[in-house]
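The values are calculated or read from the model by the stated rules, or taken from the named source; none is laboratory data. This one's a predicted model, so the numbers in the text were calculated from it and none came from an experiment. Methodologically, a virtual Cβ is constructed for each residue, glycine included, from the backbone with ideal geometry; neighbour enumeration extends over all protein chains shown.
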């Protein structure tokens, strides 16, 4: 018995040593892109070039121990040099103006507006995980567990997701990757936003219509849609088929982070009625790849049920059903879920999946296309079962007993706070 206890003790000590060894290979909390050979950004006149070869982030380089403890993830994609077009805001779309800064807990963003009134968002490809680090990890000196977790996100996942969305005729924000050098128009923002990589895409709200829909009143956030519903009642509805289709697409591409603040709604006016069409934003977590002892433990359904790894099959479906699904789809017939699954299966052919990877540089496709493509096709083939599970879990969880994320501070009638179509 004593020998067994000693063996367990030794194993725990070895594991602890390996964890600290892994997490202390780098103590940096945040880093941005770099030029090859360590050349200083400020030594280059980017006005003389239209593109530049950039390493997105060297922070996630690893060794065998780190791969074992914290996973291999997409480290190679982050450290592979890629050529990016160079972006100057004074010439973009004839010149744009900066509206405001923003972003979530990890992403730094700039909202800009062109001369036609269309609003775009510039979302940083490099993430800053420092706001997410729990105090307990800081005390233990294990901050790198969270910092290194960003390597699970594919730096170009949003670009691939957009091409796949095109294949099934799902509206998206049309992201494109650019290098933004320091420049006069940035002014005081240069220190935070200059010399960084960004995804330039349409914002999920704005007064000016950039979509193919006609008679658009506005593109608005979920909380504004709720207030429109409170004002006009039954004259406001969402296109449920489109919303189901986008949510099933989320499952195909493994995008597990789909809370209420990550949606825009194109409000189309038809006579005296309004139809809201869904617009998914923020594809940072599409194709989220998890391996290694710590990430696999953190993604356990008992610890973080919503954090689902991108595998060939979905093992714990309940974690993927968000409050926003229950809010908008609680009273929806099952046949609509199955019909949208069949439509995606018909549209998302093997040929279109393979063609979508052309949006990536060849060096990146060689790293990850085979594995990601295989998982996409497997999930597509299982989509009818996913659709049925999606509907079943929504019904089992029932109406909300808390506000949709993003609408906590708005005053809604009790019935509208529970679901979008409750009487």
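Conditions tested, residue by residue: (1) modelled with pLDDT of 90 or more; (2) surrounded by fewer than 22 Cβ atoms within 10 Å (Cβ to Cβ); (3) within 26 Å of residue 65 (Cα to Cα).
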| position | (1), (2), (3) |
| --- | --- |
| 264 | yes, no, no |
| 268 | yes, yes, no |
| 277 | yes, yes, no |
| 291 | no, yes, yes |
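Condition check ((1) out of contact with any helix residue (DSSP H, G or I) (no Cβ under 7 Å at 6 or more places or on another chain); (2) in a helix (DSSP H, G or I); (3) touching a residue at least 40 places away in the same chain (Cβ under 8 Å)) across all residues:
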position: 225; (1), (2), (3): yes, yes, yes
position: 230; (1), (2), (3): no, yes, yes
position: 233; (1), (2), (3): yes, yes, no
position: 237; (1), (2), (3): yes, no, yes
position: 241; (1), (2), (3): no, yes, yes
position: 245; (1), (2), (3): no, yes, yes
position: 248; (1), (2), (3): no, yes, yes
position: 251; (1), (2), (3): no, yes, yes
position: 256; (1), (2), (3): no, no, yes
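Applying the selection to the stretch 310-344, what residues are surrounded by fewer than 17 Cβ atoms within 10 Å (Cβ to Cβ) and part of a loop (DSSP other than H, G, I, E, B)?
311, 312, 313, 315, 316, 331, 333
Identify all residues within the stretch 293-304 that are surrounded by 16 or more Cβ atoms within 10 Å (Cβ to Cβ) and not in a helix (DSSP H, G or I); write none if there are none.
Selection gives 299 alone.
Take residue 66 and tell me if it is surrounded by 10 or more Cβ atoms within 10 Å (Cβ to Cβ), modelled with pLDDT under 85 and closer than 29 Å to residue 176 by Cβ. Before the answer, list the steps.
Values: surrounded by 10 or more Cβ atoms within 10 Å (Cβ to Cβ): yes; modelled with pLDDT under 85: yes; closer than 29 Å to residue 176 by Cβ: no.
The answer is no for residue 66.
Being in contact with a helix residue (DSSP H, G or I) (Cβ under 6 Å, 6 or more places away or on another chain) and either buried (at least 17 other Cβ atoms within 10 Å of the Cβ) or not in a helix (DSSP H, G or I) (or both) is the filter here; which residues of the stretch 345-366 pass it?
345, 348, 353, 356, 357, 359, 364, 365, listed by residue number.
Would you mind telling me which numbered condition in (1) within 30 Å of residue 245 (Cβ to Cβ); (2) out of contact with any strand residue (DSSP E or B) (no Cβ under 9 Å at 6 or more places or on another chain) residue 198 fails?
(2)
So which residues in the stretch 190-209 are touching a residue at least 24 places away in the same chain (Cβ under 8 Å), in a loop (DSSP other than H, G, I, E, B) and within 23 Å of residue 40 (Cα to Cα), if there are any at all?
Answer for the stretch 190-209, where residues must be touching a residue at least 24 places away in the same chain (Cβ under 8 Å), in a loop (DSSP other than H, G, I, E, B) and within 23 Å of residue 40 (Cα to Cα): just 195.
Of the residues that make up the stretch 136-151, is at least one assigned to a strand (DSSP E or B) and not assigned by TED's automatic domain parsing to the domain that holds residue 405?
So the first thing to find is which residues in the stretch 136-151 are assigned to a strand (DSSP E or B), and the list is none.
No; the residues of the stretch 136-151 include none that is assigned to a strand (DSSP E or B) and not assigned by TED's automatic domain parsing to the domain that holds residue 405.
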